[in-house]
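Asks: Before I ask anything, here is the structure I am working with.
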Amino acid sequence: SAPTRVALVTGTASGIGAAIMEAMCQAGHQVLAVDFSDDGAEVADKAGAAFFKADLTDGEQCRAAVEEAVSRFGRLDILVNNAGIQHVERIKEFPQAKWDQIIALMLTAPFTLIQAAWPHMEKNGYGRIVNMASIHAHVASPGKAAYVSAKHGLMGLTRTAALEGGESGITANAICPAYVRTPLVDKQIAEQARLNDMPEDEVIEKIMLKGAAIKRMIDPAEVADMAVWLASDKAGSVTGSSFNMDLGWTAQ
Ligand code: NAD
């Protein structure tokens, strides 16, 4: 059977991160779940993961999370950069503080976590970096300047890490989902309704799923399955790639 690995997953208190944490535990891995929400402790405990509370917009706390994984489990093999937030507002009015927070959490934190994890992966000759990007790593939508910029940037970080990790058994890949049914998206539905002056069900139909061939939202467990595979020993020849799970959005 596949060896037990040690995984650090971020943004595990809710949504996709919670599903990835659960799937990693079910795959037999030892998991350190990292989130800044206190809810994360209970969610992790239920799944059989250890929990570390950290605000990942702070570099020191990112490094502390990696140190916690290594001191607790003795190694670090898998890093899933998943924590993320959204803010929907046109560039004209986009608050500078939101821009700074989104870039810090969704681009700088993955860089810092990768940097901190790197020597541990290099030492073992094995590493799996899985970055939760988005279909917004490839296309844009109005009102999402910071999110789209962070995700495009994360794709660049993924490709660079892939090139640098090739000799050390470290792979880096990105998952690019369209709309996954999570609290983050529920909040966006409400925001888009306000921005476009539309009822919420119309937002889902006319905005969220407008470009989708498959007219349903993605389940977090579907994304988690892909993350577990990318983090597995079997995926050793896959690196620098992005995997769209976008309901056919970018097929046209
Ligand atoms: P979510 O809001 O359900 O979960 C995000 C988690 O990140 C929460 O547990 C939150 O507490 C945590 N978090 C937020 N700020 C943090 C901080 N400063 N430090 C530590 N933890 C923090 O969101 P989700 O929909 O599950 O999104 C997870 C990832 O997937 C994000 O990167 C998001 O951009 C990406 N994504 C989501 C969708 C979607 O449709 N939901 C689509 C594509 C990509």
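Asks: Going by amide H atoms built from the backbone, whose H comes under 5 Å of the H on Ser241, apart from near neighbours?
Replies: Residues meeting the amide H criterion: Ala174.
Asks: List, in order, the whole-Hz ³J(HN,Hα) value for each residue of segment 32-38 obtained from phi through the Karplus relation with A = 6.51, B = -1.76, C = 1.60 and θ = phi - 60°; use x for Gly and Pro.
Replies: 9, 8, 10, 7, 8, 8, 4
Asks: Continuing with this model, one more query. Do any chymotrypsin sites (Phe, Trp or Tyr not before Pro) in segment 204-252 lie in a loop, going by DSSP, with at most 15 other beta-carbon atoms within 10 Å of their beta carbon, and if so which?
Replies: Taking segment 204-252 and a limit of 15 other Cβ atoms within 10 Å, no loop chymotrypsin sites (Phe, Trp or Tyr not before Pro) are found.
Asks: Another question, if that's okay. List the aspartates and glutamates whose alpha-carbon lies under 15 Å from that of Lys210, not counting same-chain residues fewer than 8 positions away?
Replies: Answer for Lys210, where 15 Å is the Cα cut-off: Glu200, Asp201, Glu202, Asp246, listed by chain and number.
Asks: Further question on the same structure: Below 21 Å, Cα to Cα, which lysines can Lys234 reach? Residues fewer than 8 away in the same chain don't count.
Replies: Lys123
Asks: Residue by residue, what Karplus-based ³J(HN,Hα) values in Hz, rounded to whole numbers, does segment 130-139 have, using 6.51, -1.76 and 1.60 with θ = phi - 60° and x for Gly and Pro?
Replies: Result, ordered by residue: 10, 9, 7, 8, 4, 4, 6, 7, 10, 10 Hz.
Asks: Under a 1.4 Å probe, what is the accessible area of the chain per residue, stated in Å²?
Replies: 45 Å²
Asks: Then there's this: Give me the one-decimal nm value for the distance between modelled label points at Glu93 and Glu200, 7 Å along each residue's Cα-to-Cβ direction.
Replies: Each label point lies 7 Å from its Cα, and together they span 2.1 nm.
Asks: Each residue of segment 233-240 in order: what ³J(HN,Hα) in whole Hz does its phi give by Karplus 6.51 cos²θ - 1.76 cosθ + 1.60, θ = phi - 60°, with x for Gly and Pro?
Replies: In residue order, the calculated couplings are 4, 4, 8, x, 9, 9, 8, x Hz.
Asks: Still on this model: When a/c is below 1.5 the answer is rounded, else prolate if a/b is larger than b/c, else oblate, so apply that to segment 122-233 with a ≥ b ≥ c taken from the square roots of the Cα gyration tensor eigenvalues.
Replies: On the way: a/c = 3.30, a/b = 2.13, b/c = 1.55.
Taking the square roots of the gyration eigenvalues as a ≥ b ≥ c, segment 122-233 is prolate.
Asks: Run the helix sum for the chain: -39,500 (n - 2.57) per DSSP H stretch of 4+ residues, divided by residue count, reported at 222 nm to the nearest 500 deg cm²/dmol.
Replies: Calculated mean residue ellipticity at 222 nm is -13500 deg cm²/dmol.
Asks: Setting aside same-chain residues fewer than 8 positions from Lys206, which lysines have a Cα under 27 Å from its Cα?
Replies: Lys92, Lys98, Lys144, Lys151, Lys187, Lys215
Asks: Continuing with the same structure: Between Glu67 and Ala2, what is the FRET efficiency for a Förster distance of 22 Å, r being their Cβ-Cβ separation, to the nearest 0.05?
Replies: Step by step, r from the Cβ atoms, then E = 0.25.
Asks: Evaluate E = 1/(1 + (r/R0)^6) for Lys123 and Ala190, where r is the Cβ-Cβ distance and R0 equals 35 Å; express this FRET efficiency to the nearest 0.05.
Replies: According to the calculation, E is roughly 0.15.
Asks: Helix hunt in the chain: which complete DSSP H runs extend at least 18 Å axially by C-alpha with mean Kyte-Doolittle at least -1.0? All intermediate terms of the calculation are to be shown ahead of the outcome.
Replies: Working: long enough: 59-73 (22 Å, -0.34); 109-124 (23 Å, -0.25); 145-165 (30 Å, 0.32); 183-196 (20 Å, -0.54).
Span-like helices in the chain: 59-73, 109-124, 145-165, 183-196.
The values are calculated or read from the model by the stated rules, or taken from the named source; none is laboratory data. Since this is a predicted model, take the numbers as computed values, not measurements. All Cβ positions, glycine included, derive from the backbone under ideal geometry; neighbour counts span all protein chains shown. Just so you know, the surface numbers come from the protein's heavy atoms only, side chains and all, with ligands and any DNA or RNA stripped out. Shrake-Rupley method; radii C 1.70, N 1.55, O 1.52, S 1.80 Å.
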